[in-house]
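Derivation of every value follows stated rules applied to the coordinates shown; laboratory data play no part. Worth saying up front: this structure is predicted, and the values here are computed from it rather than measured. Note that we place each Cβ from the backbone using ideal geometry, even for glycine, and neighbour counts take in every protein chain shown.
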Amino acid sequence: MSAEILAAPSSGIAPVGHYAYDQVDRAFLHDRVEQFRDQVARRLSGTLSEDEFKPLRLMNGLYLQLHAYMLRVAIPYGILDSRQMRELANIARTYDRDYGHFTTRQNIQFNWIRLEDTPDILARLATVDMHAIQTSGNCIRNVTCDQFAGAAADELLDPRVHAEILRQWSTLHPEFSFLPRKFKIAISGSPNDRVAARFHDIGLVAKPGRHGTVFDVFVGGGMGRTPIVGVHLRDNLPEEDLLAYLEAMIRVYNEYGRRDNIYKARIKILVQALGAEGYREKVDAEFAAMDRARYRLPPETVAAIRARFGTPALDAPSDAAERLAGARRADAAFDRWVRTNTHSHRAAGYISAVISLKPDGGIPGDATSAQLDAIADLAERFSFGEIRISHMQNVVLGHVRQDELHALWQELGRAGLASANIGLIGDIIACPGLDYCSLANARSIPIAQKLSARFANPDLQERIGDLQIKISGCINACGHHHAGHIGILGVDKKGEEFFQLTLGGSAASDAAIGQILGPALPEDSTVDAIAHLVDAYLVHRTDGERFLDTYRRLGAALFKDAVYALA
Amino acid sequence: MPLLENGRIVEDFWTTIGGDELLPPTGPVIVPLDRLEDGLARPAGEKLGVALPPDAEIAVLRAALPRLALVGVTFPTFRDGRAFSQARALREHLDFAGDIRVTGRPLPDQYEFLLRCGVSTVQLPDGADPAVWARAHERFTTAYQPAVRDERAEGFGLRRFLA
Ligand code: HEM
Ligand code: SF4
């Protein structure tokens, strides 16, 4: 139902599924850049102490890492157009070491930035309606969304308009910009959770109700050192109450969340301390007391924002599917890539293609400026100039004609972007780890590279099937190891890098937190240990059973033996 | 310490009373929350303000509110954003129409947020440059969400003009 109900887009809006800025939005962004320029000048002149500057730079996405500043640029709900992608490539070339890194929250990071350059970088981003607002700091962060939104066959409702509403509402929010801790919201419009709704501070699942859009609300999920699956707070929240209810939820958190200990400051700790019922009572009391008319989200507002979204005109030739089938029969390598790297589209003759940023032995989520440019070109040629970033650190072209898929795949091959491993063991998530991060215990990237090289054989990968490996360099869990079918956590043992394995996690609708398998392993045995786990799985699985399901069926003992019995 | 209202320095008529200082018999005073009773014991015509600590619930002022001309909220550090919620709840839940004054250590970059949450005056921290605060107030002309100031809508959607 998604595209059909979209209002006719205003003239001049490109057919890309994100909000098109107008002059007022651009003026706002300009003011924001000038504000930051002023703040950087005050910092460089010493008027602002580092302590005072820190929250201000963080609210503009500027982190201080191990070796340099890192700038995290927001990609709201993961949607970019080609023009924006080319500007990101420019920034990588001009101000960084010619590459960028896509994150698990649909943002892009530049790792080698000079403080003095950041106002100019932000000004260049503003020329393509991009920014780094609230990509870090104790505020409401970039709202993440399903990478197949508006395209997926299994979707009930395109959640991007509501993601945009939340983006606008949370931008420089007067009350919620100095929360106890960062605050992450994800929104999905499909019953198949691809946004990890239950691992967010607030997770929203949008669906059509009897009188318009309604939301199921989850709260208090998260990873970090205290992984918790979110509590199901309420069902069928009417669209017009969306902002009011979120205001109430976050106000309760702002008032009662802990501020004495940063490790206990996330909303998940508050929800656990009050209990789901206790928290719900407080939220309901606030919701009942507030001026609901003021925070009402009327259908006209939703319609006005929807009108600034582009919609692709989908009209594939009637033989598109047939021609794709023919191309698959003629080319086994292409056929494999289609099996792993595509997703069914709601419109006949179309398909969504996933571009893997996980080449054999490569660094998950990294892309060179040449690759960014190539993706921009291919998006223009094959998918209405629209590009999506997934929380798995890959890129998606949402609306590709099935009869053109083979040509796309050939072009991707030329750009080194045709790895056929989506959802497979090579599709690894890894945090920056000790190569960049000052909090790290261990290097996540080399482990990811070694695993990716070890399992490079595409036949082997496909035989192993759906298996998600997620790696974090420390307990902060930026690599989501708790939610990996196999999680790998870097730990420090007397100054040496060790890795702890967890099994059985999932970020999907069957959300679960992985269980520790046994004692941590030194780096050189970790890759072997994963190979033993995989071997054990291949021996014991039933037909079509995923690794996760074999683990859930048989329990840890078998896998423990596979790793530790030989040692 | 200079007092800021609408981006300008104004005169401060109030006297802030510490924990065990004697209350002057007349004149506007701000008492700490735990001395609210002492303040209320003064003649009804004498202006009274109360300083709220960040962990206090707004509801404790409900009964006394008709007698209060000022409520103080505070930032122990700029990172502690509870005062934003206190100010907004005062305006929104209790319809408080008096002065909401900020003390402590807010940053100028928070000034617009404070105003939009219903704060009326800011006691500037030591060493603050009022010009930087005034500039912060003029920085933005639009905002993207409802706030207690009931700003005029700008164009379409959620946008509104900042006053
Ligand atoms: C190198 C700079 C980074 C630093 C210093 C850093 C720091 C942290 C810290 C301290 C936490 C724990 C916060 C908490 O639980 O309250 C955290 C969580 C997280 N970070 Fe990072 N991080 C960095 C880079 C990244 C990158 C590159 C990504 C994405 C690839 C990322 C994604 C996340 C996610 C998804 C979480 C946990 C989810 C949650 O919020 O519960 N971080 N990070
Ligand atoms: S998990 Fe730890 S090591 Fe990895 S990026 Fe996050 S803070 Fe750094």
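The table below lists the values:
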quantity: Region A:429-564, dipole about Cα centre (Lys/Arg Cβ +1, Asp/Glu Cβ -1), debye to the nearest 20; calculated: 200
quantity: Cα Rg, Dmax (largest Cα-Cα span) when computed across region A:320-414, Å; calculated: 12.8, 36
quantity: Peptide ranges A:19-31, A:177-189 listed from the most packed, as the mean C-beta count within 10 angstrom indicates; calculated: A:177-189, A:19-31
quantity: Three-way shape label, region A:502-548, alpha-carbon gyration tensor, a/c 1.5; calculated: oblate
quantity: Choice from B:Leu65, B:Leu114, B:Leu94 showing the highest fluctuation, given a GNM over chain B with Cα pairs closer than 10 Å; calculated: B:Leu94
quantity: Positive-end residue of B:Val60, B:Gly7, B:Gly18, charge dipole of chain B with Cβ unit charges; calculated: B:Gly7
quantity: 20 Å Cα cut-off, lysine pairs counted over the protein assembly as shown (separation 8 or more, or different chains); calculated: 13
quantity: Relative packing of B:54-61, A:368-375, A:495-502, which averages over residues the other C-beta atoms within 10 Å, highest first; calculated: A:368-375, A:495-502, B:54-61
quantity: For residues of B:112-123, the mean tally of beta carbons on other chains within 10 Å; calculated: 2
quantity: Given charges at beta-carbon only (K, R positive; D, E negative), |dipole| of region A:488-531 in Debye; calculated: 160
quantity: P(r) tail fraction, region A:429-564 - alpha-carbon pairs more than 25 Å apart, %; calculated: 20
quantity: Average beta-carbon neighbours from other chains, 10 Å sphere, peptide B:35-43; calculated: 0
quantity: Unpartnered cysteines - no second Cys beta carbon under 4.7 Å - across the protein assembly as shown; calculated: A:Cys139, A:Cys145, A:Cys437, A:Cys474, B:Cys117
quantity: Region A:1-129 - Debye-derived log10 I(q)/I(0), Cα point model, q = 0.12 Å⁻¹; calculated: -0.52
quantity: Modelled FRET efficiency - R0 60 Å, A:Ala348 with B:Thr77, Cβ distances, 0.05 increments; calculated: 0.55
quantity: Cleavage-rule hits, GluC sites (Glu not before Pro), region B:1-33, DSSP coil, Cβ neighbours within 10 Å at most 15; calculated: B:Glu11, B:Glu21
quantity: Cut-off 12 Å, label 7 Å out along Cα→Cβ of B:Phe13, residues of region B:105-134 by amide N; calculated: none
quantity: Percentage of interatomic Cα-Cα distances in region B:1-126 larger than 27 Å; calculated: 12
quantity: Added length on full extension, which subtracts the Cα-Cα distance from 0.36 nm per residue, A:Asp235 to A:Tyr564; calculated: 113.9 nm
quantity: Charge dipole magnitude, Cβ of K and R +1, D and E -1 - region A:382-478, Cα centre, debye nearest 20; calculated: 360
quantity: Of B:Arg67, B:Arg116, B:Arg88, the one that fluctuates the most in a GNM where chain B has Cα springs shorter than 10 Å; calculated: B:Arg67
quantity: Gyration tensor (Cα) of region A:218-265, equivalent ellipsoid semi-axes in angstrom; calculated: 23, 15, 6
quantity: Principal axis box of chain A, alpha-carbon based, largest edge first, Å; calculated: 62, 62, 52
quantity: Region A:41-108 and region B:68-130: distance between their alpha carbon centers, rounded to Å; calculated: 30
quantity: Shielding score for A:281-294, defined as the mean number of other chain Cβ atoms within 10 Å; calculated: 2
quantity: ³J(HN,Hα) computed for each position of region A:319-328 - Karplus, 6.51 cos²θ - 1.76 cosθ + 1.60, integer Hz, glycine/proline x; calculated: 9, 4, 5, 4, 5, 4, 4, x, 4, 5
quantity: Region A:144-305, Cα convex hull volume normalised per residue, Å³; calculated: 112
quantity: Among B:Thr77, B:Thr15, B:Thr103: highest mean-square fluctuation, GNM of chain B, C-alpha pairs under 10 Å; calculated: B:Thr77
quantity: Unit Cα scatterers, Debye sum, region A:5-75: log10 I(q)/I(0) for q = 0.13, 0.15, 0.23, 0.27 Å⁻¹; calculated: -0.57, -0.67, -1.08, -1.27
quantity: Sparsely packed trypsin sites (Lys or Arg not before Pro) within region A:479-567, loop by DSSP, other Cβ within 10 Å at most 14; calculated: A:Lys494
quantity: Rounded to whole Hz, the Karplus (6.51, -1.76, 1.60) HN-Hα couplings of region A:157-167, x for glycine and proline; calculated: 6, 6, x, 6, 5, 6, 4, 5, 4, 5, 4
